[in-house]
Amino acid sequence: MSKIFEPLTLRGVTLRNRYALSPMCQYTAKDGYVSDYHTIHYGRFALGGFGLLMVEATAVSPEGRISHGDLGLWDDAQIPGLARIAAFAKAYGATPGIQIGHAGPKASIQRAFEGNGPLNEVDAARGEHAWPVVSPSARPVTDGWLLPTALDANGIAKVRADFVASARRALQAGFDVLELHYAHGFLLNAFLSPLTNDRSDEYGGSFENRIRLPLQIARAVREVWPQDKPLFVRLSAVDGSGSGWTIADSVAFAEALKAVGVDVIDCSSGGFGVYDYPNGYGFQVPFAAQIRREANIGTMAVGLIVDPWQAESVIASGQADLVALGHAALRDPHFPLHAQQTLGAVSPDAAYASWNVQAGWWLDQRASKLVQLGPWAPTEGAAADGRKD
């Protein structure tokens, strides 16, 4: 039996399998609102068989956006568009989740496919101007980027309140899983990392001080997020530089997060410093395995997981509880359904039973016809490149 296709129950929510869609920014929103693109984009993965459908990083405030194209949940008027995505996911068997975050020092930049750097005069010419950014310390990400303002007590209180308010809106929108974004050089990651946090108050200096705000936010969100719904945290398990945040720090922080009610650590990496770690296939899986083993908390593995057997091995070997696909999902939105067939997790005579009935009925008819016809053989003169239908 395939382990990755076993259901997973987290609190009162049961995922149909262990495949998750990794949150990937599409930079296609306007003023934070869902567009038709988002509805269709996420619908593909619900139809494609994913157990958990995680909506991309969604800003808790306008100034917390990465770019002008980010989704947002700072206004009640943004709820209906996201609710449509959550409802569609549920209708086709997927569990809807959403990641909320604040970009901090990496806010106010270009969309990834338009440069992924500081906004410039070309962006301004089309009406996309920069806005002030904040961080734990007044240090830019790198040369040429905006100089952030170090958050004061009022700013910190606002960030906490913004996360709580967005969590409430995510619940209203019908999401069953909530993820807090503490990775990739964004605001809460910047508080955690000694490479970027040089504060001298209760939010800087020691490990206990640097985790204080992220831990306070997790605790405050857990208080308003229903006890029967799971709470995830996406964490950069290590900074890029080995002299920054370490895997040992992540284990200790995961233990603290578990104590306030976090259920799963979504294990990514990087954000600050040149990446000093191996980065081949499945390069972040060992982080998920170590945090799961040493902090005794659920984990989600991500990072160059490209093959059904590879994903199956991650779950079967106990390295993680979930496998999140990003680029592989974009390439094949039906990855879980295809993996079911590859792994033999579905009998040949019911190969399309897990597909939505509108497609599965047609594919069943086609499969029967192909059995009658036998293997495809290209006619003379046709391209014969070894592929079979």
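A few remarks follow.
Conditions tested, residue by residue: (1) modelled with pLDDT of 95 or more; (2) surrounded by fewer than 24 Cβ atoms within 10 Å (Cβ to Cβ); (3) more than 28 Å from Gly185 (Cβ to Cβ); (4) of a type outside the set (Val, Ile, Thr).
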residue: Asp75; (1), (2), (3), (4): yes, yes, no, yes
residue: Ile79; (1), (2), (3), (4): yes, yes, yes, no
residue: Ala83; (1), (2), (3), (4): yes, yes, yes, yes
residue: Ala87; (1), (2), (3), (4): yes, yes, yes, yes
residue: Gly93; (1), (2), (3), (4): yes, yes, yes, yes
residue: His102; (1), (2), (3), (4): yes, no, no, yes
residue: Asn120; (1), (2), (3), (4): no, yes, no, yes
residue: Arg126; (1), (2), (3), (4): no, yes, no, yes
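- Selection from the range 1-17 of residues that are of a type in the set (Val, Ile, Thr), open to solvent by less than 50 Å² (accessible area, probe 1.4 Å) and not in a loop (DSSP other than H, G, I, E, B): Val13
- The residue that is most open to solvent (accessible area, probe 1.4 Å), among those in the range 307-353 that are farther than 22 Å from Leu10 by Cβ and of a type in the set (Val, Ile, Thr), is Thr342.
- Condition check for Arg169: of a type in the set (Lys, Arg), touching a helix residue (DSSP H, G or I) at 6+ places or on another chain (Cβ under 6 Å) and over 19 Å from Pro214 (Cα atoms): yes
- Residue that is farthest from Thr196 (Cα to Cα) [pool: residues in the range 247-268 that are free of Cβ contacts under 8 Å to residues at least 40 places away in the same chain and under 21 Å from the mean Cα position of the chain (by Cα)]: Lys258
- Number of positions in the range 54-63 that are more than 21 Å from Phe175 (Cα to Cα) and open to solvent by less than 10 Å² (accessible area, probe 1.4 Å): 0
- Options Arg160, Arg111, Arg168: the member that is closer than 25 Å to Asp239 by Cα, open to solvent by 60 Å² or more (accessible area, probe 1.4 Å), at pLDDT 95 or above and under 26 Å from the mean Cα position of the chain (by Cα): Arg160
- Among the candidates Ala20, Ala29, the residue that is closer than 24 Å to Cys267 by Cα, small (Gly, Ala, Ser) and buried (at least 19 other Cβ atoms within 10 Å of the Cβ) is uniquely Ala20.
- Residue list for the range 36-53, restricted to those being farther than 25 Å from Tyr352 by Cβ and either touching a Gly at 6+ places or on another chain (Cβ under 8 Å) or open to solvent by less than 20 Å² (accessible area, probe 1.4 Å) (or both): His38
- Some residue of the range 110-118 being under 18 Å from Ser22 (Cα atoms), out of contact with any helix residue (DSSP H, G or I) (no Cβ under 9 Å at 6 or more places or on another chain) and hydrophobic (A, V, I, L, M, F, W, C): yes
- Flag if Asp321 is of a type in the set (Asp, Glu), within 28 Å of Ala220 (Cβ to Cβ) and modelled with pLDDT of 95 or more: yes
- Among the residues of the range 278-313, those that are more than 12 Å from Ile265 (Cβ to Cβ) and hydrophobic (A, V, I, L, M, F, W, C) comprise Phe283, Val285, Leu304, Ile305, Val306, Trp309, Ala311.
- Pairs with Cβ under 8 Å, 6+ apart, first in the range 1-30 and basic (Lys, Arg), second open to solvent by 40 Å² or more (accessible area, probe 1.4 Å) and modelled with pLDDT of 95 or more: Lys3/Ala316; Arg11/Gln227; Arg11/Asp228; Arg16/Pro7; Arg18/Lys3; Arg18/Glu6
- Of all residues making up the range 149-186, the number that are part of a loop (DSSP other than H, G, I, E, B) and either closer than 15 Å to His102 by Cα or in contact (Cβ under 8 Å) with a residue 40 or more places away in the chain (or both): 9
- Residue match in the range 86-98 (condition: β-branched (Val, Ile, Thr), under 23 Å from Ala218 (Cα atoms), touching a residue at least 40 places away in the same chain (Cβ under 8 Å) and not in a strand (DSSP E or B)): no
- Residue check, Gly360 of a type in the set (Gly, Ala, Ser) and under 19 Å from Arg44 (Cβ atoms): yes
- Test for Ser193: is it surrounded by fewer than 24 Cβ atoms within 10 Å (Cβ to Cβ) and closer than 18 Å to Ala107 by Cα: yes
The values are calculated or read from the model by the stated rules, or taken from the named source; none is laboratory data. Worth saying up front: this structure is predicted, and the values here are computed from it rather than measured. Neighbour counts run over all protein chains shown; Cβ positions are idealised from the backbone, glycine included. Surface areas here come from the heavy atoms of the whole protein model, side chains and all, with no ligands, DNA or RNA. Shrake-Rupley method; radii C 1.70, N 1.55, O 1.52, S 1.80 Å.
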